[in-house]
Amino acid sequence: MNISQRTTDEWETGIGEQFRALRIQRGLDQETLATMASISRGAVRNLETGAGSTLKTIVKVTRALDRTDWLDTLDDTGGEISPIEMLRQQRREPKPHQRARRRTDA
């Protein structure tokens, strides 16, 4: 099957199989990996079986398995700050405090 024709379920299953193979290659059981990633064992099981997983779980497991290079392939900015991140930073910066106008009684 052409890779671009995979269904979402097929992608989830295939990615989960890759995580499972890497975990086994590293000699880890699901409980140990869950502890390393600060997630539940059920979250690891769901990821590995393709039963649904959050992006947060994928990032945590990828970090725990020391495979952040996988995540780097998704970053098309070349390591530079994206325009969206620039907007987020601007929103986080405190705005200059303006003094209230002094009231003058006439």
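The values are calculated or read from the model by the stated rules, or taken from the named source; none is laboratory data. All values derive from a computational prediction rather than experimental measurement. Don't worry about glycine lacking a Cβ; one is built from the backbone with ideal geometry, like all the others, and counts go over all protein chains shown. Please note that ligands, DNA and RNA were not included when accessible areas were found on the heavy atoms of the full protein model with its side chains. Shrake-Rupley method; radii C 1.70, N 1.55, O 1.52, S 1.80 Å.
Could you derive backbone 3J(HN,Hα) for segment 46-62 from the dihedral phi with the Karplus parameters 6.51, -1.76 and 1.60 (θ = phi - 60°), listing whole Hz in sequence and x where the residue is Gly or Pro?
4, 4, 5, 8, x, 7, x, 7, 8, 4, 4, 5, 4, 5, 4, 5, 4
Whole percent per 5 Å bin, from 0 to the bin with the longest distance: what is P(r) over all C-alpha pairs of segment 18-81?
Whole-percent P(r) values from 0 Å outward: 4, 18, 30, 24, 12, 7, 5, 0.
Leaving out ligands and nucleic acids, note down the accessible area per residue over segment 7-91 with a 1.4 angstrom probe, in whole Å².
69 Å²
Can you compute the modelled spin-label distance between R6 and E85, with each label point 7 Å from Cα toward Cβ, in nm?
Rounded to a tenth, the inter-label distance reads 2.6 nm.
Leaving ligands, DNA and RNA out of it, work out the accessible area of D9 with a 1.4 Å probe and give it in Å² to the nearest 10.
Ignoring ligands and nucleic acids, D9 comes out at about 100 Å².
Rank these by accessible area, largest first, 1.4 Å probe: E12, E93, E80.
Listed by decreasing accessible area, they come as E80, E93, E12.
Give me the percent of accessible area attributable to carbon and sulfur for segment 1-58, probe 1.4 angstrom.
The C+S portion of the solvent-accessible surface of segment 1-58 is 51 percent.
Distance in nm between label sites at R92 and E17, each 7 Å beyond Cα in the beta-carbon direction?
It is 3.9 nm.
When the Kirkwood radius is taken over all Cα pairs of segment 9-54, what Stokes-Einstein diffusion coefficient follows at 25 °C and 0.890 mPa s, in µm²/s?
Diffusion coefficient, whole number: 238 µm²/s.
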